[in-house]
Amino acid sequence: RNGAGKYKYWEFGNPPNQQVEFTGTFKENAKTGLGMMTYVGGAFYHGHFQDGKRHGEGTFQYPNKDIYSGMWKDGKRHGKGTYVYADTKYELKGNWKEGQIVQGTWTFTDGTRYIGGFQQSKPCGDGVWETTKGTIVEGSYVQQVVPLADDNAAKKKDGTPMTETRIYWNTATIV
C-alpha cells in the first residue's frame, strides 16, 4: 500500500477478530504522516505516524475514555503530554519517556496538585504538594518494591513472586 486512503483490517488476538480502521497515508505498507486509527470499543488515535507507529503529536482516547494528548515516539508516549483519567478527571501533565511520565504535575479535581518526579507512573523523588488553600508541603517520595502479601499470589515465569510498588512520603517543610 502506498498513498492516501482508508483501510479496514482485522486485528487478531485477545479478544479475537476485531476490525480496526486507518484513514491516512501509507508508505511502503506502513502508516505515515497525519492519520486516524479507530479501534473497537470506542478507542481512537488521531495524529502523526512514522514507520507504522504513533510518532510526533497526537491524541489517543482509550476504550475506558481516558485521553492522552501530546508527543509520541515509536508508538509510546514520549515528550511533553497530558493524560486525563475519564472517571476521576485527574490530570498528569509533564514529560514522558518510553510510555511513562517522568516529571510533571498531578492535579486533582479540587485543584490540589503534586509537582515532581515520577517512576513507573507513581510519584518518586523530590516533590511539592500544593493545596487550594495555599498550603505547600515539600518533601520526597521513596518507592519500595515488595512481594505481594497473598500466599496464593501468582508467580512470574521464573518462579519468583509477583510484586507491587509501594510509595512513602517524607515531609521536609510545610509552608
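The values are calculated or read from the model by the stated rules, or taken from the named source; none is laboratory data. Just so you know, these numbers come straight off a predicted model, no measurement behind them. So basically every Cβ, Gly included, is an ideal-geometry build from the backbone, and we count neighbours across all protein chains shown. With ligands, DNA and RNA removed, areas are computed over all heavy atoms of the protein, side chains included. Shrake-Rupley method; radii C 1.70, N 1.55, O 1.52, S 1.80 Å.
Details
- Three-way shape call for the range 64-123 based on the alpha-carbon gyration tensor, with the a/c threshold at 1.5: oblate
- Under 16 Å of direct C-alpha separation, and excluding same-chain neighbours fewer than eight residues apart, Lys122 reaches these aspartates and glutamates: Glu91, Glu98, Glu164.
- Counting heavy atoms of the protein chains alone, Met36 has an accessible area of about 60 Å² for a 1.4 Å probe.
- Relative contact order, percent, the range 23-93 [alpha-carbon distance under 8 Å, six or more residues apart]: 19 percent
- The accessible-area ordering, largest first, of the residues Ile101, Ile167 stands as Ile167, Ile101, per a 1.4 angstrom probe.
- Around the Cα centre of the chain, unit charges on the Cβ atoms of Lys, Arg, Asp and Glu (plus for the first two, minus for the last two) sum to a dipole of about 540 debye.
- Which of Ile136, Ile174 is most accessible, then next, and so on - probe 1.4 Å: Ile174, Ile136
- Pairs of Cα atoms nearer than 8 Å and 6+ residues apart set the relative contact order; for the range 71-150 it is 17 percent.
- Additional length obtainable on full extension of the chain from Thr132 to Asn29, 0.36 nm per residue less Cα span: 32.0 nm
- When Tyr45, Tyr39 are compared by accessible area at a 1.4 angstrom probe, the order from most to least is Tyr39, Tyr45.
- Net charge, Thr109 excluded, C-beta distance under 12 Å - Lys, Arg +1, Asp, Glu -1: -1
- Fully extending the segment from Ile67 to Phe44, taken as 0.36 nm per residue of separation minus the present Cα-Cα distance, adds 7.3 nm.
- Computed with every protein chain present, the accessible area of Leu34 is close to 100 Å² [probe 1.4 Å].
- In this view, the solvent-accessible surface of Asp126, computed with a 1.4 Å probe and all protein chains in place, comes to about 120 Å².
- Those trypsin sites (Lys or Arg not before Pro) in the range 137-173 that DSSP places in a loop and that have at most 12 other beta carbons within 10 Å: Lys156, Lys157
- Structure remark: mean-square fluctuation, Gaussian network model of the chain, C-alpha springs under 10 Å; the largest value among Glu21, Glu164, Glu57 belongs to Glu164.
- Values [x] -0.75, -1.15; [y] -0.57, -1.01; [z] -0.51, -1.15 are given for comparison; log10 I(q)/I(0) by the Debye sum over Cα atoms at q = 0.12, 0.18 Å⁻¹, derived from the coordinates here, is the one labelled [x].
- Rounded, prolate or oblate (a/c below 1.5 giving rounded, otherwise prolate when a/b exceeds b/c) for the range 22-98 by Cα gyration tensor: oblate
- Were the residues from Glu57 through Thr160 laid out at 0.36 nm apart, the gain over their Cα-Cα distance would be 33.1 nm.
- For the chain, built as a Gaussian network whose Cα springs stay under 10 Å, the top-fluctuating residue of Thr160, Thr23, Thr132: Thr160
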